[in-house]
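The values are calculated or read from the model by the stated rules, or taken from the named source; none is laboratory data. On a predicted model such as this, the values are computed, not experimentally measured, just so you know. Heads up, the Cβs are rebuilt from the backbone with ideal geometry, glycines too, and the neighbour counts pull from every protein chain shown. In case anyone asks, the SASA skips ligands and DNA or RNA and just uses the protein heavy atoms, side chains included. Shrake-Rupley method; radii C 1.70, N 1.55, O 1.52, S 1.80 Å.
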2 protein chains.
Amino acid sequence: MARGQKIDHQELHTTILNVATQIIKDEGMKCLSIRKIAKKIGCAVGTLYNVFNSIDDIFLSINVATMTRLHKQLQQEAQGEPDPLAAMILLGRGYVAFSRDNYHLWSLLVDHKMQLGRTLPENVQGKIDDLFLLVSGMVAPLVSNDREKADQAAKVLWASLHGVCSLAMSGKLDTVKAEAADVLAESLVRNYLLGLQVK
Amino acid sequence: MARGQKIDHQELHTTILNVATQIIKDEGMKCLSIRKIAKKIGCAVGTLYNVFNSIDDIFLSINVATMTRLHKQLQQEAQGEPDPLAAMILLGRGYVAFSRDNYHLWSLLVDHKMQLGRTLPENVQGKIDDLFLLVSGMVAPLVSNDREKADQAAKVLWASLHGVCSLAMSGKLDTVKAEAADVLAESLVRNYLLGLQVK
DNA sequence: AAGTAGAATGAACACTGTTCATTAACAGGG
DNA sequence: CCCTGTTAATGAACAGTGTTCATTCTACTT
């Protein structure tokens, strides 16, 4: 890329994200480096810093995109199922499926951590909230639309689903393979929600 | 340390682990480096490689120690409670407390991943199994001592507890602070186990 | 045509884990 | 007591990492 050449800033932005996303899809986040992106694009490392403040910003942007896709997929997965419990089980299975089908991107999503002291940018937190609200809204009918109860249940379910996928993926659940994760997820969602309704 | 000087191999081993553990406790795993350990001990970097094969081996050794402590603490926490449900709730709270009180060490435990293709050493997998068996044994009385049911429930609970702590710690549960994690954990354990016993 | 603003550049810096030829200290034999 | 292995501590060197910034070149304005 010639010096001083004015290129479409927005275009470069998306190119960087596309290239970075592809590397992560193929090789995982540990194999992503600034120089690798620059080499694949055909520009200098410094150029990337004119578009993103740090490699962390690139990670965060990718995560926002991943969460947007996840949200859409979960919505589609559960929509049309009138029974709230059945819908929530579908959502659980959908989450497991997403984490399996997007292993490296999902790993980035859950493994990436802010450096100590820094908080999540609001657009990232917003996406988290969106996902949380999706779950909360689905749980509400099961707890007499008690907002507080629904929020707590949603937090428990969301975090638990995350835990099941997380341990299943990293092989830390002993003999549990990725295929079995959806069985665990269904057991989790069904029994937790049943338990909530006991008396 | 003078060249060629024969020092107690075992002593150096534990010294390295102690120093590394202290750094992680104070600053987190991202701040641990081979050179930092060497500097604090007062030896060369190469010396560390005579004792450990890689920095990953150091991480794994620390994780084994952490899991041993966690196992002991959970055992103490729940022992003496005759009611299985109440005992399991105690275990859940104990787990949350441990992750709160040992933030950096616990983070290392859950964040550390084998590089692709490599599997966990058997002593590490053994410690995971120990913890899992602890939970499985406690759940058994609640599912008519059905081994298979108990194993599945233990997997669900263990993974879910992990998820609750994980998201609570990283601030990804929105307004949920670390103090509230034990409330979520209790909700999780109680209602899941109640649900399991419905009908 | 000259001047200016802006961005692409890549060398440089301070780090990382890991390797390995060098070298110093010890142990045993003559 | 010296000499000779053997052993292990050493730290420079290597190939990486993210990040910075003075330089340089282009495109646009006056």
Checklist entry - Quick check: is even one residue across the stretch B:96-112 within 15 Å of the chain's Cα centre (by Cα), closer than 18 Å to B:L193 by Cα and facing another protein chain (nearest Cβ under 10 Å)? => result no
Next on the checklist: Among the residues of the stretch A:36-46, are any on the phi > 0 side of the Ramachandran plot, within 8 Å of DNA strand C (Cβ to nearest atom) and of a type outside the set (K, R)?
Outcome noted: yes
Item to check | For B:K113: the one exception among (1) open to solvent by 50 Å² or more (accessible area, probe 1.4 Å); (2) closer than 27 Å to A:L108 by Cα; (3) within 11 Å of DNA strand C (Cβ to nearest atom) | outcome: (3)
Checklist entry - Name the pairs: first residue in the stretch B:185-199 and at the interface with chain A (Cβ under 7 Å from one of its Cβ atoms), second residue open to solvent by 40 Å² or more (accessible area, probe 1.4 Å) and of a type in the set (K, R), Cβ to Cβ under 9 Å, at least 6 apart or on different chains? => result B:G195/A:R190; B:L196/B:K149
Checklist entry - When the stretch A:141-167 is examined, which residues are found to be free of Cβ contacts under 8 Å to residues at least 24 places away in the same chain and more than 7 Å from chain B (Cβ to nearest Cβ)? => result A:S144, A:N145, A:D146, A:R147, A:E148, A:A150, A:D151, A:A154
Item to check | All positions within the stretch A:145-158 that are closer than 21 Å to B:L193 by Cα and not in a helix (DSSP H, G or I) | outcome: none
Checklist outcome for this item: Restricted to the stretch B:3-33 and to residues being assigned to a helix (DSSP H, G or I) and open to solvent by less than 20 Å² (accessible area, probe 1.4 Å), the residue farthest from DNA strand C (Cβ to nearest atom) is B:L12
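Residue-wise test of (1) modelled with pLDDT of 95 or more; (2) away from DNA strand D (no atom under 16 Å from the Cβ); (3) touching a Pro at 6+ places or on another chain (Cβ under 7 Å).
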| residue | (1), (2), (3) |
| --- | --- |
| B:A2 | no, no, no |
| B:I7 | no, no, no |
| B:T21 | yes, yes, no |
| B:I24 | yes, yes, no |
| B:K30 | yes, no, no |
| B:K36 | yes, no, no |
| B:S61 | yes, yes, no |
| B:M67 | yes, yes, no |
| B:K72 | yes, yes, no |
